[in-house]
Amino acid sequence: MTTLTFEDFKPGRFGTFGPRHVSREEILAFAAEFDPQPMHLDEEAAKKSMLRGLSGSGWHLAR
């Protein structure tokens, strides 16, 4: 697998990388390390968010 860096992406380039299932455990682990907000870590707090449940971090997409 080739590792790409920011410089490898030219302006205007688009790519399709396909779907990837992210498990609950991966969501919690990523959030705990990089985006520790209640809607990513706490089931009860997440129920009060606009998504009404645990949600993955948007930063998880940039990984």
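The values are calculated or read from the model by the stated rules, or taken from the named source; none is laboratory data. Since this is a predicted model, take the numbers as computed values, not measurements. Reconstructed Cβ throughout: ideal geometry from the backbone, glycine too, with neighbour counts over all protein chains shown.
Listed here are the helices (runs of 4 or more DSSP H) enclosed by the chain that have at least 3 residues being among the hydrophobic types (A, V, I, L, M, F, W, C): 24-34.
Counting residues in segment 37-54 that are in contact with an Asp or Glu (Cβ under 7 Å, 6 or more places away or on another chain) and either free of Cβ contacts under 8 Å to residues at least 60 places away in the same chain or not charged (D, E, K, R) (or both) gives one or more. Residues that are of a type in the set (A, V, I, L, M) and within 28 Å of GLY15 (Cα to Cα) were ranked within segment 31-53; the one that is surrounded by the most Cβ atoms within 10 Å (Cβ to Cβ) is ALA31.
Name the single residue, out of those in segment 1-30 being surrounded by 10 or more Cβ atoms within 10 Å (Cβ to Cβ) and of a type outside the set (D, E, K, R), that is farthest from SER57 (Cα to Cα). Break it down stepwise before answering.
Filtering segment 1-30 down to residues surrounded by 10 or more Cβ atoms within 10 Å (Cβ to Cβ) leaves 9, 22, 24, 26-30.
Filter again for of a type outside the set (D, E, K, R), leaving 9, 22, 27-30.
Working: PHE9: 23, VAL22: 11, ILE27: 7, LEU28: 9, ALA29: 11, PHE30: 8 Å.
Across segment 1-30, the extreme among qualifying residues is PHE9.
Contact map, segment 6-34: residues that are within 20 Å of GLY53 (Cα to Cα) and at pLDDT 90 or above paired with residues that are of a type in the set (Lys, Arg) and not in a helix (DSSP H, G or I), Cβ distance under 9 Å, separation 6+ or inter-chain. Pairs shown: PHE30/ARG63; PHE34/ARG63.
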